[in-house]
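The values are calculated or read from the model by the stated rules, or taken from the named source; none is laboratory data. Since this is a predicted model, take the numbers as computed values, not measurements. Note that we place each Cβ from the backbone using ideal geometry, even for glycine, and neighbour counts take in every protein chain shown.
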């Protein structure tokens, strides 16, 4: 019988997150951008905050040569991000 080591899997997952992703703190700029997105797109508030975060990060990275992509499994969120000029990796079916 194979034993499930949840603690080990969780540690590996969290290490992966720290290496590959960066949390973006909520700022007034992100909040203001999210509010604007709600008037332009059919988004839930949390989705608007995520897209707004991507927009603000993309602006901050504009001078670099980094390839920034927004990953989403939500079609409306991905559509809004694409419309806002963000490169999207869509995980939906």
| When residues of the range 35-48 are limited to those that are in contact (Cβ under 8 Å) with a residue 12 or more places away in the chain, assigned to a helix (DSSP H, G or I) and in contact with a helix residue (DSSP H, G or I) (Cβ under 7 Å, 6 or more places away or on another chain), the one farthest from residue 72 (Cα to Cα) | 37
| message | One residue is enough: does the range 59-77 have a residue meeting the conditions surrounded by 14 or more Cβ atoms within 10 Å (Cβ to Cβ) and assigned to a helix (DSSP H, G or I)? | response | yes
| Which listed residue, of 32, 18, 11, is at pLDDT 95 or above, out of contact with any helix residue (DSSP H, G or I) (no Cβ under 7 Å at 6 or more places or on another chain), surrounded by fewer than 14 Cβ atoms within 10 Å (Cβ to Cβ) and part of a helix (DSSP H, G or I) | 32
